[in-house]
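Below you'll find the structure, written out as structure tokens, and then a few comments.
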Amino acid sequence: MSLPQLSLAVVGADYENKRGPTRRFEISMCKPGEPIELRLEPDNPADPRAVAIYSTRGIQLGYVNAERCGRIGKMIREGRIVTAVFQEATRYGAAIRVAFDSDYPKLPEPQETVDQEPDWYPDEEWPDD
């Protein structure tokens, strides 16, 4: 039985890449369903469990968040196939969709956009002064 697919946060989008375009720019170039590469970074001084996320063009987008990188990294080190695709750009960076073993990621149905300021409503009538 295969594991369920997951949507994972791409964090660190505001950090600079060593070379090439910025991470935010590269995220803006990605299309939903585009293949994504996950790379282990055992020499990362901040977290030896870090899993970096790269676009199909080889530009870093960020990292798998700290809550998930341990498990995802362990699966990759064990030789399990972890397949990832770009899901969407987000306020914090991006989201990717991952599937395990022989599965290919299927993007979830788009969610309805939620109003960012639900308590704000314009006046129905402008007062006459």
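The values are calculated or read from the model by the stated rules, or taken from the named source; none is laboratory data. Predicted model, so just to flag it, every value in this text is computed and none were measured. Here the Cβ positions follow ideal geometry from the backbone for every residue, glycine too, while neighbour counts run over all protein chains shown. Ligands, DNA and RNA are stripped out before the accessible areas are found, and what is left, the full protein with its side chains, is counted by its heavy atoms. Shrake-Rupley method; radii C 1.70, N 1.55, O 1.52, S 1.80 Å.
So, by mean Cβ neighbours within 10 angstrom, what's the order for 71-77, 61-67 with the highest one leading?
Sorting 71-77, 61-67 by mean packing, highest first, produces 61-67, 71-77.
Whose amide H sits under 5 Å from the amide H of Ile36, counting only residues 5 or more places off or on another chain, with H placed in the peptide plane?
Correct list: Ala84, Val85, Phe86.
For region 1-93, what is the accessible area per residue in Å², given a 1.4 Å probe and the full set of protein chains?
61
Could you list log10 I(q)/I(0) for region 1-67 at q = 0.22 Å⁻¹, which the Debye formula gives when each Cα is one point scatterer?
Log-scaled intensity ratios, in q order: -0.99.
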